[in-house]
1. Within the stretch 126-152, how many residues are in a loop (DSSP other than H, G, I, E, B) and open to solvent by 70 Å² or more (accessible area, probe 1.4 Å)?
2. How many residues does the stretch 271-304 contain that are over 16 Å from residue 254 (Cα atoms) and either in contact with a Lys or Arg (Cβ under 9 Å, 6 or more places away or on another chain) or of a type outside the set (Val, Ile, Thr) (or both)?
3. Looking at 138, 167, 172 in this structure, which one is of a type outside the set (A, V, I, L, M) and at positive phi?
4. State which residue pairs qualify: first residue among the polar types (S, T, N, Q) and inside the stretch 161-180, second residue modelled with pLDDT of 90 or more in any location, beta carbons under 6 Å apart, and separation of 6 or more residues or different chains.
5. In the stretch 190-227, what residues are among the polar types (S, T, N, Q) and either under 15 Å from residue 167 (Cα atoms) or at pLDDT 85 or above (or both)?
6. Conditions: (1) surrounded by fewer than 19 Cβ atoms within 10 Å (Cβ to Cβ); (2) within 17 Å of residue 156 (Cα to Cα); (3) within 23 Å of the chain's Cα centre (by Cα). Residue 112 meets all but one. Number of the miss?
7. Could we say that residue 218 is under 29 Å from residue 314 (Cβ atoms) and either of a type in the set (Asp, Glu) or under 20 Å from the mean Cα position of the chain (by Cα) (or both) here?
8. Need pairs with beta-carbon distance below 7 Å; first residue in contact (Cβ under 8 Å) with a residue 12 or more places away in the chain and within 9 Å of residue 429 (Cα to Cα) and within the stretch 401-417, second of a type in the set (Phe, Trp, Tyr) and surrounded by 12 or more Cβ atoms within 10 Å (Cβ to Cβ); sequence gap 6+ or separate chains.
Amino acid sequence: MKSLLPLLKLRIRPLGSLLASRPEPEPVLPLKTPLLRRRPRPGPEEPPAMLSIACPDPTAEDNVRDHYLQRGQRMVRQEDWDALSDMIREADSQRQLTPGFMPVAELLAYGARSDVILAAEHALLDGKPAKDAPLLAGIEALEHVLAERSDDHVIGAIVAQAHMDIGWAWRGTGWDAEVPQRNRAAFAAHFDRARDIVDDYKDRKKDSPLLAGTGCALLANAAQGEHRVADHYETLIDLNPANPRSMRALGNHLLPRWFGSYGELELEARRTAARTESLWGAGGYTWVQFDAIACDDQACANLDVDFFIEGLHDILERRPNAYTANLLAAYCANSVGQAFSGNDQADQNRVHIAECAHDIVRDHLTELHPMIWAHAAQGFDNNLRVRSPARFAASGREDAMRIITSLFSREIAAGHRIVFTETGPQAMPA
């Protein structure tokens, strides 16, 4: 198989000059989207000992995810590609999800490409690789595997996703004006190759959530007029409506900062709720709006807040587990409840959503998942780089303990100690 170098050179300067020089940064343009500010954190009103809640490390969800990630990684290291492909295909066809709604096929696929991705991310940690960094060695090895199994859409999805992950490592998560031209060109080159791969399996998208999800991920570098975001995500959601992550991604990509409008966001949230009502009740509306209103002031102001809150209750009723309780409690109390913008309608809606944390914690929370609370404080940014997981989790635990303590301030002031049991919180004499 031909080297990838000629392919990437079509979109990037010759590799020698690419790795040897760093262009001057381009001027940063002012942001058009209003920034949400975090309220100052008050100190705890009561000693932490007044609140007792189990904090498993790792959680049951962590154990399940690690199992599949490590399995995918181990099988690739053993070059057992055929067995891995069969396993991913089975998980994909059965729509297998972890208790935290993560597709098992996606976990196995990420484990399969994780060594290549981590090496590229390490080389690009500072935005510019060293002169002798073997940036293409890992992806070329995957391309050779694909060349030997060109009719296998599972292998195609893994390699396409690897190209996109490396593309994001080049680009980072900043605004376009902040990203050097060299890095944007590398991002586009890897996405172009990923698109070529996915196009070879167009007919398989109709029955493979893994491949349909890979196609949706390509929208990040789609040309104007090629998006059809709602159509792409409608196919993916209908393939596996039990997976809310695709609904959350749809809502985010329908924001004006991406490919949609506020009108489209509201319309597709309601359409999704109608199509998934038998499974989620009103929860489809909530999932589509979930990330959009957390990061966009106007989207939050436009929200049908009663419908959204109804969806929160429906989600908890249909998925009553520790992961869901932590996710929704952290979202209401931290992602939304600790943000304000000065937009009266948006902030009023945030207050109503934040009030839901009270019932979620009292009626559904039995244990604490600090990493969820830490990610909630950062707006559930999938591209967030966490340099110290221990410190990151500790910040989440600190947030959670402060917020949960405040929800029981009346009982604590009366001299009670709050102990969370398998059936929920109990007020006991201190």
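1. Final tally of qualifying residues: 6.
2. 10
3. Working: 138 fails: at positive phi; 167 fails: at positive phi.
Selected residue: 172, the only one of 138, 167, 172 that is of a type outside the set (A, V, I, L, M) and at positive phi.
4. Cβ pairs passing all conditions: 161/214.
5. Within the stretch 190-227, 208, 214, 221 qualify.
6. (1)
7. Values: under 29 Å from residue 314 (Cβ atoms): no; either of a type in the set (Asp, Glu) or under 20 Å from the mean Cα position of the chain (by Cα) (or both): yes.
Judged against the criteria, residue 218 is not a match.
8. As it stands, the answer is none, since no pair meets every condition given.
The values are calculated or read from the model by the stated rules, or taken from the named source; none is laboratory data. Bear in mind that the values here come from a model prediction, so they are computed numbers and not experimental data. A quick note on method: Cβ atoms are made from the backbone with ideal geometry, for glycine too, and the neighbour counts reach across all protein chains shown. Areas reflect the complete protein model, heavy atoms only, side chains present, ligands, DNA and RNA absent. Shrake-Rupley method; radii C 1.70, N 1.55, O 1.52, S 1.80 Å.
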